[in-house]
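Presented below is the structure to which this report refers.
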Amino acid sequence: MPEAMLEQVRRFNRTVTERVGALNDHFLGRDRPLGEARVLWEIGLDGCEVRLLRSRLGLDSGYLGRLLRSLDADGLVEVTASGSDRRTRVARLTAAGRAERAALDERSDDLARSLLAPLSSQQRQRLLAAMREVERLLTAASVEITPVDPEHPDARHCLAEYVAELNRRSERGFDPSVGATALPHEVRPPAGRFFVAYLHGEAIGCGAIKLHPGAPSEIKRMWIAPAARGLGLGRRLLEELEAYALASGSPVARIETSAVLTEALALYRSAGWVEVPAFNDEPFADHWFEKALA
């Protein structure tokens, strides 16, 4: 990667951390550093499971534990076992913690005003547009695509959401057990592979490969959560699946889809997939595609 790119990223990071006061032990003029303030905000008014805090903030267990203990000592946070599962720990704000969070929100608004106030109206719009784009790209860069077992709870969650969306968008009705299936044993090594996309530890997408020695592989069950769309994740997931198929010895891949999935049709066509005659009896499909992967 060019050194100029790396230097630009480092310069941007230095500018932002200085401007928002991230290096100050009294963030926003309060009696705690940014790390503790961020944990208070992320816990929220309804509380949050500690494992989710760890994933969302990208912190290891030891460091998050120290932050929570410090906030607990200040009377701002309580960590207790979940009522539904004693093995799960939940962090909740005390009354003092909610008051501190409200004060931090007010100070954060003041900081935001101080960033925008010196700028002209046109400059403010440029800055806000740039911030939206940076946020979008950094969010996309935080997504990890990981192979998992197709019967893992995260895989099951994604598949359930996938089926539910297809049935919302089509009057035809989709039954994953009929037609061109992707049953667990069909997308588990060595027969295939199932992938889940994660954002801050939460499953937001999936896709699978069915391998056929001596014949084209099949890409199945591609889905991205609506809230995560527009980040380029569909294309990235598709490329991951194509790469796995090619590495497994498949020079050609196939995929079928419904006419109601206009976003998927646009993605496949723009990614070099070519529409071909029907190659299976999938009752939900209207379009069949093929791509040479070599």
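The Rg/Rh ratio for the chain is 1.05, where Rg is the radius of gyration of the alpha carbons and Rh is the Kirkwood radius. Peptide packing for 135-144, 199-208 was compared via the average number of neighbouring C-beta atoms within 10 Å per residue; ordered from the highest value, the list is 199-208, 135-144. Given a Förster distance of 25 angstrom, what is the FRET efficiency for Met131 paired with Ala22, based on the Cβ-Cβ distance and rounded to 0.05? Here the calculated transfer efficiency is 0.95. Judged by the ratio a/c of the largest to the smallest principal axis of the C-alpha gyration tensor, region 166-217 counts as oblate, that ratio being 1.5 or greater while a/b is no larger than b/c. Note on the chain: with a GNM built from Cα contacts shorter than 10 Å, the maximum mean-square fluctuation among Gly47, Gly234, Gly29 falls on Gly29. Once the gyration tensor of the Cα atoms in region 1-61 is diagonalised, the equivalent ellipsoid follows with semi-axes of 27, 18, 8 Å, ordered largest first.
For the chain, what is the calculated [θ] at 222 nm in deg cm²/dmol (nearest 500), taking -39500 (n - 2.57) for each run of four or more DSSP H residues and dividing by its residue count?
Using -39500 (n - 2.57) per qualifying helix, the result is -14500 deg cm²/dmol.
Post the alpha-carbon centroid distance, region 237-292 to region 53-114, in whole angstrom. Value for the Cα centre distance between the two parts: 45 Å.
Can you compute log10 of I(q)/I(0) for region 69-210 with the Debye formula, treating each Cα as one identical point scatterer, at q = 0.11, 0.12 Å⁻¹? Debye curve over Cα of region 69-210, log10 I(q)/I(0) at q = 0.11, 0.12 Å⁻¹: -0.79, -0.88.
The value for region 1-153 of Rg(Cα) / (2.2 N^0.38 Å) is 1.25. Cys residues of the chain that find no other Cys beta carbon under 4.7 Å: Cys48.
Only the coordinates and a few stated rules stand behind these numbers; no lab work does. The shown structure was predicted, so the numbers you read here are calculated from the model rather than taken from an experiment. So basically every Cβ, Gly included, is an ideal-geometry build from the backbone, and we count neighbours across all protein chains shown.
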